[in-house]
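See below for the structure under consideration.
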Amino acid sequence: MKHMDSSKTPQNKFRAAYKSLSGSDFNARIKALEEILLSCELCPRACHVDRTSGERGYCNTGDAPFVSSWNPHFGEERPLVGRYGSGTIFLGNCNLGCLFCQNYTISHLGEGIEISHEKLAEIMLSLQAERCHNINLVTPTHQVPAIVRAMKIASDRGLEIPVVYNCGGYEAVGTLKLLEGIVDIYMPDFKYADASHAAKYSNAPDYPETARLAIKEMHRQVGDLVINEMGVAERGLLIRHLVLPEDIAGTAEVVKFIAEEISKNTYVNIMDQYYPCYMAWENPPLNRRITGREFSAAIQHAMKAGLKRIDGITV
């Protein structure tokens, strides 16, 4: 990866929320998060293993940053990409077990390397130096303590662009509360409305209710997505929903929840890019792409629910 002088001025004038944290507050958050690792319950699986002593839970991750790759990314939603890209860091492993994961080599097969907190901070600064509009942390849930420690180091060295928490939606509210004032943009998936589908395809029967509680907490912290005059997101909530074959995702119920219990002004990306990966071929109907009719039905559900900001759609 190319590294650049981190002293260059970022493209954004917006200053991230974590820049308002005092050093003592930042350190207190780090301490609280690292204490959770002693009997880990960072995520809803609550494995209660001691990750500081080499024990591994469901996510198969220790206490050091475990990173696959990083780069300015131009394939994300337009408010994240802007002109210079989203500074994406792909973190290895995952706390979900999705049989159709499109990043399965990273999330399931453990593609990546352990690095130091200082190295992760350097990566953040290098992406800022490349004029990325944000630091986009992909699958951060199980690595929050390492991320926040690295953010403190990077912030002390000049990091000031917003941080995006790009997650699967399977989050512990207690962990999210420790991220208040640190994360500017939450970008969770809402994968399923039905517990039986969540159990079968992601090994997480409590996913629907857990995701609802997590998204409510995220919205409480950051509100609706704020986009500046340059078309770049500065703060707020952006929800992704991947349409699955034969409505496995339960789109109508998902968008109804968002509209009625979060906000009709929630920025939602109804995604049509599902394709069979990993073990999907062995689990019909996930062994096929969605049809145009299925995607159109999903968009109609979102519009009927009253959502005002659907990515790529004029409502």
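The values are calculated or read from the model by the stated rules, or taken from the named source; none is laboratory data. Note that this is a predicted model, so its numbers are computed, not measured. In this analysis, Cβ positions are derived from the backbone assuming ideal geometry, glycine residues included, and neighbour counts consider all displayed protein chains.
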What helices (runs of 4 or more DSSP H) lie completely within the stretch 24-137 and have 1 or more residues being within 18 Å of the chain's Cα centre (by Cα) and over 30 Å from PRO245 (Cβ atoms)? 117-129
Suppose the filter is within 21 Å of the chain's Cα centre (by Cα), free of Cβ contacts under 8 Å to residues at least 60 places away in the same chain and either outside any helix (DSSP H, G or I) or surrounded by 15 or more Cβ atoms within 10 Å (Cβ to Cβ) (or both); does GLY236 pass it? yes
Taking the stated definitions as given, is HIS142 assigned to a loop (DSSP other than H, G, I, E, B) and at pLDDT 95 or above? no
Among what's in the stretch 26-53 and is under 29 Å from ARG212 (Cβ atoms) and among the charged types (D, E, K, R), pick the residue that is surrounded by the fewest Cβ atoms within 10 Å (Cβ to Cβ). GLU35
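For (1) in a loop (DSSP other than H, G, I, E, B); (2) within 21 Å of ASN103 (Cα to Cα); (3) modelled with pLDDT of 95 or more, each residue gets a yes or a no:
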| residue | (1), (2), (3) |
| --- | --- |
| LEU159 | yes, no, yes |
| ASN166 | no, yes, yes |
| THR175 | no, no, yes |
| PRO188 | no, yes, yes |
Could you go through the stretch 289-304 and let me know if any residue there is touching a Lys or Arg at 6+ places or on another chain (Cβ under 7 Å) and either under 21 Å from VAL81 (Cα atoms) or at pLDDT 95 or above (or both). no
Hits in the stretch 249-260 (condition: crowded, with 24+ Cβ neighbours inside 10 Å and not in a helix (DSSP H, G or I)): ALA249
Residue selected from the stretch 156-165 under the condition touching a Lys or Arg at 6+ places or on another chain (Cβ under 9 Å) and surrounded by 21 or more Cβ atoms within 10 Å (Cβ to Cβ), by the criterion farthest from VAL254 (Cα to Cα): LEU159
Selection count where residues are under 19 Å from PRO284 (Cα atoms) and either of a type outside the set (Gly, Ala, Ser) or surrounded by fewer than 16 Cβ atoms within 10 Å (Cβ to Cβ) (or both), scope the stretch 173-194: 3
Residue pairs qualifying under the 7 Å Cβ cut-off, at least six apart or on distinct chains, with the first in the stretch 166-186 being on the phi > 0 side of the Ramachandran plot and the second being in a loop (DSSP other than H, G, I, E, B) and of a type in the set (A, V, I, L, M), are GLY181/LEU21
Residues that are closer than 26 Å to VAL173 by Cβ, crowded, with 21+ Cβ neighbours inside 10 Å and touching a Cys at 6+ places or on another chain (Cβ under 8 Å), drawn from the stretch 58-85: CYS59
Qualifying position, being within 22 Å of GLY57 (Cα to Cα) and not basic (Lys, Arg), among ALA172, ALA129: ALA172
Please enumerate the residues belonging to the stretch 273-296 that are in a loop (DSSP other than H, G, I, E, B), touching an Asp or Glu at 6+ places or on another chain (Cβ under 8 Å) and surrounded by fewer than 19 Cβ atoms within 10 Å (Cβ to Cβ). PRO285
Considering ILE270, ILE299, which residue is without any contact (Cβ under 8 Å) to a residue 60 or more places away in the chain, β-branched (Val, Ile, Thr) and not in a helix (DSSP H, G or I)? ILE270
How many residues, within the stretch 183-222, are touching a strand residue (DSSP E or B) at 6+ places or on another chain (Cβ under 9 Å), closer than 20 Å to LEU42 by Cα and not charged (D, E, K, R)? 12
Considering the stretch 143-198 alone, what residues qualify as being within 11 Å of the chain's Cα centre (by Cα) and of a type in the set (D, E, K, R)? GLU171, ASP189
